[in-house]
Amino acid sequence: MKPRSHNWKIACLPFCVVGLVVSLVAWASSSPVAISPKAPALPEDNSIISTVEQVDQVFENQWSEQGITPTETTDDYLLLRRLSLALHGTIPSLEELREFEAMQGADRIQRWTLKLLEDRRFADYFSERFTRAYVGVEQGQFIIFRRDRFKAWLSEQIQANTPYDELVRTLISGEGLWTGDPETNFITSAVADGNLDRNKLTGSTVRAFLGQRIDCAQCHDHPFDHWKQSDFEGLTAFYGQVEIQVLGVRQNEELKYEVEDRETLEKRTVSPQVPFLNECLPEKGTLREKLAAWVTHRQNRRFERAAANRFWGLIFGVPYFNPVDDLPAPTDLTESDPDVLDILGQDFRENGYDIKRMVQTIVASKPFRLSSTSQTDDSEQIERATDAWALFPLVRLRPEQIIGSMLQASSLKTIDQNSNLFMRGRRFFSEIDFVREYGDLGSDELNDFPGTIPQALLRMNGEFARDNGSASMLNSVGRVSQLDISDEKRVETCFLVCLTRLPTSLERDHFLKQYQTASNPKQREKITEDLFWALYNSPEFSWNH
Amino acid sequence: MFDSTFLSTKFNRRDLCKVAVGSTLSFMLPGFDLKAAQKRGPERQKSVIVLWMGGGPSQLETWDPHPGTAIGGPGNAIKTVVPGLQISDMYPLLAEQLDGMSVIRSMVSKEGDHERGTKYLKTGYRPEPTTVYPALGAIITHETPNQSLEIPQHISMGNTQFPARGGYLGGHLDAFRVQDPGKNIGNMRAGVESPRQNRRLENLNIVSQAFQKGRTIQTKKTLHQSTIDRALTMMSSEQLNAFEIEKEPESVRKAYGDSSFGRGCLVARRLVEQGVHSIEVNLSGWDSHANNFTGHQTQAKMLDPAFSSLLKDLKSRDLLDSTIVLCIGEFGRTPKINPLEGRDHWPTGFSCIVGGGGLKGNVIIGETDPTGKEKKPTEPVQIQDLYATILQNLNIDYKKELISPIGRPLALSDGTPIEKLI
């Protein structure tokens, strides 16, 4: 009978392995635990307000010039939803709604914004957005490219509020191993088929940090812009001395940057040169350090404007100028008035390229607070108002926002770094699965495409929707069904949990009638399930508005 | 943004759908008289089936064997029914069915990376960061829409990392993915019984209407409702039968082989009969950096029965004349055999089989160097030329320019049709 004593140990082994994997995944999917911050008081020096006023003034002028009446300001609930979606990639939880309701004072939205910015979910969510802009969505060649490390590193920087210019300089000029110095994955992401594609680096540097598409100029002079092929080559030459070795990304001063002439097929050496603002190029440093200094130079207005446009895009779902990385050249400010990006950019520069401050400014601006409903049914008027930011645009949520919202709506409590391991693990896996099946929008995510049939099918009939929408002890569907509250409160709670608003009287009556027919708790559960199903599948759930 | 009106106008049959939804009344919708198989003559709409060999098969162990040479390795070749055409002896069934098909042994690409190569080979355009090009299947769907279909017009079957995308033509032209063909098409069944489903839809209607208030135009533009309607129509459509192979005789199912790929090929035939124009069937696992020869044997055991049965079936049903079949992967493999008995990536000089749909058959184009020293094959064929050929054959003006989201005019293909195939 000797083996018997071993049997139970062997039997336990799988459980141990599962336990270990679950804990590792939960650990990997989480951020360092920090208690959810309380909404802080606003700082004494509230210089943001004057910037916001300047931004608003530009819009006011534009509206009165074009004879457009902006829509009304929206209510606080909806603002809360917009803020959570923009800053955390999810809708607010019932718990958060209650906390907000308990807050007093006219400045509570501003204070709430600060709270969201301090929450780790902001850094985690924005790091994914930045990662897409900088290195795309592909997992790439695992051995020398670690997207996960890169994203985690960015998240740390955002959480610590590293100045944006410093962050960009590190990306362009970083050295070391992609695992230990994750910023270097910016460089190694350009490795394809064993070779470092320097052209790709130039293209993404200029697109991500300067908001210009010069990729076409790689092969020929840009067809309808002023970029020349020589500009592209000159910029690429700054990456001419970067090398990927066993010890990681490093500079090799010996290297010369050569290109093959397309016609003669002869090689010629290209020396580094910038297409404009030559005076901003420093004398000292490695080639990449020089490039980094030039890109982020205080006089290089393209840098701050590109940042402002991207932040605007992330917050509204639509960039101020579309596409996000193809901005018009900055105008001469001695001759024309600054536009919105100029104002935001200047504030950014003068306040230490503070990412969180930029976000605060944009969400405090008037356009962010306008309603998405209008009085008119005239499509031309609506289009004009939308183009002028006099009407909050309807924007389709990203797959991560949809799954994030579905998960959040399935729980009455906030799902964040303080949630239990099970919840965090579930979020981690569900998100990966759902986004894969839903179809990733790629790095093109700020372009607006209509939803697809498979997505509708997934939301209506998918496994996740079924699990989440079936009442259980743990989820909100089950909890709301069982709570000892009036049916009216029940309907209200469902709407608050899913859509962050109260039902209209028509909606209230419709669902109340259904609850009145319920003769036992089981039926009540089914009615709640059906109500949740409708809310999950409504346009309101998967569109920001 | 573009073409959204196309969807909203042509599919605006919400009321009809409401009647059809949740019941079996979908026979009220038009469409069943247009099955491709029942149409004869030039009016018959053409379809394309792409057999996608993910990972990049070796040309030397498929359609371009060089037996008895150093680069050929241990492989042998067999004769086919096409005069002068020999292929690897791992494909005895296919050798019998190749009549009417052509082989190109000189495909050339500049992309030696799986992802970039796949994107190039699926779209005919080299990938670039600022434009997502539509796959061949998306272009075909866009240019020759079949209005009578209730199921998607662009379908990709089998597991693949990089399915065919709609690119700048829009996400609605992404291939509808069926992970496990012949078994389960996923998310197609409502979670609850019919009366409850109706209550859910009624609920949805109430909530949607509330949202629409003050946003009529904007919500219409989202196409949310029409997308849901189309999904519901699909859920109750009889055309879904095309996905079910239980109705096929067992001998037929056996002939295709009991693999995901085999089932996918059988479903592909059924979809063509239903009038679907763009189908992709994926067979991955060709990335043979090690054990190239045994690896290709494993693959051949799935490819040979499925591909040959598909051709046989299409011919016997008089469908090959209206169906182009293209078997291709993202690149070929090195003539050099590496120390792991494997072959590495080789984007210059790889092979594909193409034919049907009115293309000239039994043509052999190009050859690779039997010594492996010469990198370039004779008569090199560019990817875009192959796609221009296919599009022209489908009566699609391949030179037609569409405007990309950034306002750049882009031709459907910037290749030139291959003379020898038309």
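The values are calculated or read from the model by the stated rules, or taken from the named source; none is laboratory data. Not measured: the values here are computed from a predicted model. All Cβ positions, even for glycine, are placed from backbone atoms using ideal geometry, and neighbour counts span all protein chains on display.
Residue-wise test of (1) within 22 Å of A:THR373 (Cβ to Cβ); (2) at pLDDT below 95; (3) among the polar types (S, T, N, Q); (4) assigned by TED's automatic domain parsing to the domain that holds A:LYS413.
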residue: A:THR500; (1), (2), (3), (4): yes, no, yes, yes
residue: A:SER505; (1), (2), (3), (4): yes, no, yes, yes
residue: A:TYR515; (1), (2), (3), (4): no, no, no, yes
residue: A:ALA518; (1), (2), (3), (4): no, yes, no, yes
residue: A:PRO521; (1), (2), (3), (4): no, yes, no, yes
residue: A:GLU529; (1), (2), (3), (4): no, no, no, yes
residue: A:TRP533; (1), (2), (3), (4): no, no, no, yes
residue: A:GLU540; (1), (2), (3), (4): yes, no, no, yes
residue: A:HIS545; (1), (2), (3), (4): yes, no, no, yes
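Does B:PRO74 count as away from chain A (no Cβ under 14 Å) and at pLDDT below 95? Considered against the rule, which asks whether it is away from chain A (no Cβ under 14 Å) and at pLDDT below 95, B:PRO74 comes out as yes. Picking from residues in segment A:491-525 that are in contact with a helix residue (DSSP H, G or I) (Cβ under 7 Å, 6 or more places away or on another chain) and among the charged types (D, E, K, R), the one that is nearest to the other protein chains (Cβ to nearest Cβ) is A:GLU507.
In summary, helices (runs of 4 or more DSSP H) completely within segment B:170-264 and bearing 3 or more residues that are facing chain A (nearest Cβ under 8 Å) and touching a residue at least 40 places away in the same chain (Cβ under 8 Å) occur at B:224-235. Of all residues in segment A:295-343, those satisfying the criterion of being within 20 Å of A:ARG82 (Cα to Cα), assigned to a helix (DSSP H, G or I) and not small (Gly, Ala, Ser) are A:ASN309, A:ARG310, A:PHE311, A:TRP312, A:LEU314, A:ILE315, A:PHE316. Here is a check on your reading of the model: is B:ASP174 in contact with a strand residue (DSSP E or B) (Cβ under 9 Å, 6 or more places away or on another chain) and surrounded by 24 or more Cβ atoms within 10 Å (Cβ to Cβ)? Spelling it out, B:ASP174 is indeed in contact with a strand residue (DSSP E or B) (Cβ under 9 Å, 6 or more places away or on another chain) and surrounded by 24 or more Cβ atoms within 10 Å (Cβ to Cβ). Scan segment B:139-168 for residues that are more than 12 Å from chain A (Cβ to nearest Cβ) and closer than 15 Å to B:PRO405 by Cβ and the total you get is 1. Tell me which residues, restricted to segment A:526-544, are under 23 Å from the mean Cα position of the chain (by Cα) and more than 7 Å from chain B (Cβ to nearest Cβ). Those that are under 23 Å from the mean Cα position of the chain (by Cα) and more than 7 Å from chain B (Cβ to nearest Cβ): A:TYR536, A:PHE541, A:SER542, A:ASN544.
For A:ASP325, the conditions (1) more than 14 Å from chain B (Cβ to nearest Cβ); (2) within 21 Å of the chain's Cα centre (by Cα) all hold with the exception of (1).
Residues that are assigned to a loop (DSSP other than H, G, I, E, B) and either farther than 15 Å from A:LEU79 by Cβ or not assigned by TED's automatic domain parsing to the domain that holds A:LYS38 (or both) within segment A:106-142 comprise A:ASP119, A:GLY136, A:VAL137, A:GLU138, A:GLN139, A:GLY140, A:GLN141, A:PHE142, listed in sequence order. If I filter segment A:444-472 down to residues being within 8 Å of chain B (Cβ to nearest Cβ) and modelled with pLDDT under 80, which single residue comes out as farthest from A:GLY313 (Cα to Cα)? Among them, the one singled out is A:GLY451. With respect to (1) assigned to a helix (DSSP H, G or I); (2) surrounded by 13 or more Cβ atoms within 10 Å (Cβ to Cβ); (3) modelled with pLDDT under 95, the lone exception for A:SER5 is condition (2). Residues that are in contact (Cβ under 8 Å) with a residue 60 or more places away in the chain, within 30 Å of A:LEU42 (Cβ to Cβ) and part of a loop (DSSP other than H, G, I, E, B) are absent from segment A:374-386. Where strands (runs of 3 or more DSSP E) fall entirely within segment B:319-422, those with at least 3 residues that are at pLDDT 95 or above are at B:323-329, B:348-356. Among the residues making up segment A:236-286, those that are closer than 23 Å to A:ARG207 by Cβ, within 36 Å of the chain's Cα centre (by Cα) and outside any loop (DSSP other than H, G, I, E, B) are A:THR236, A:ALA237, A:PHE238, A:TYR239, A:VAL242, A:ILE244, A:VAL249, A:ASN278, A:CYS280. For A:GLU289, state whether it is in the same structural domain as A:PHE209 (by TED's automatic domain parsing), at pLDDT 95 or above and surrounded by 12 or more Cβ atoms within 10 Å (Cβ to Cβ). When the stated conditions are applied, A:GLU289 passes them. Applying the criterion of being assigned to a helix (DSSP H, G or I) and of a type in the set (S, T, N, Q) to the residues of segment A:160-175, the residue that is farthest from the chain's Cα centre (by Cα) is A:SER173. With respect to being in contact (Cβ under 8 Å) with a residue 12 or more places away in the chain, crowded, with 20+ Cβ neighbours inside 10 Å and farther than 23 Å from A:TRP294 by Cα, A:PHE150 fits the description.
Taking the listed residues B:GLU96, B:GLU61, the one that is modelled with pLDDT of 95 or more and surrounded by fewer than 16 Cβ atoms within 10 Å (Cβ to Cβ) is B:GLU96, with no other qualifying.
In segment B:125-143, the condition of being acidic (Asp, Glu), at pLDDT 90 or above and in a loop (DSSP other than H, G, I, E, B) is met by no residue.
The residues of segment B:104-135 that are buried (at least 24 other Cβ atoms within 10 Å of the Cβ) and either aliphatic (A, V, I, L, M) or within 14 Å of B:ILE396 (Cβ to Cβ) (or both), listed by number, are B:ILE104, B:MET107, B:LEU121, B:GLY124, B:PRO134, B:ALA135. The set of residues in segment A:324-351 that are among the aliphatic types (A, V, I, L, M) and more than 19 Å from A:TRP389 (Cα to Cα) comprises A:ALA329, A:LEU333.
Considering every residue within segment A:500-510, establish whether at least one is in contact (Cβ under 8 Å) with a residue 40 or more places away in the chain and either of a type in the set (S, T, N, Q) or surrounded by 21 or more Cβ atoms within 10 Å (Cβ to Cβ) (or both). Among the residues of segment A:500-510, at least one is in contact (Cβ under 8 Å) with a residue 40 or more places away in the chain and either of a type in the set (S, T, N, Q) or surrounded by 21 or more Cβ atoms within 10 Å (Cβ to Cβ) (or both), which makes the answer yes. Any residue at all in segment A:203-210 that's at pLDDT below 85, under 14 Å from A:VAL135 (Cα atoms) and within 14 Å of another protein chain (Cβ to nearest Cβ)? No, that holds for no residue.
Being closer than 28 Å to A:ILE382 by Cβ, away from every other protein chain (no Cβ under 14 Å) and under 19 Å from the mean Cα position of the chain (by Cα) is true for just one of A:LEU114, A:LEU85. Which residue is that?
A:LEU85
Every test in (1) within 12 Å of chain B (Cβ to nearest Cβ); (2) touching a Ser or Thr at 6+ places or on another chain (Cβ under 6 Å) is passed by A:THR386 save one, and that test is (2). Go through the residues of segment B:117-134 one by one and say whether even a single one is hydrophobic (A, V, I, L, M, F, W, C) and within 14 Å of another protein chain (Cβ to nearest Cβ). Yes, segment B:117-134 has at least one match.
Might you let me know whether segment B:387-399 holds any residue that is within 26 Å of B:ILE71 (Cα to Cα), among the polar types (S, T, N, Q) and surrounded by 16 or more Cβ atoms within 10 Å (Cβ to Cβ)? Looking for residues that are within 26 Å of B:ILE71 (Cα to Cα), among the polar types (S, T, N, Q) and surrounded by 16 or more Cβ atoms within 10 Å (Cβ to Cβ), one finds none in segment B:387-399, hence no.
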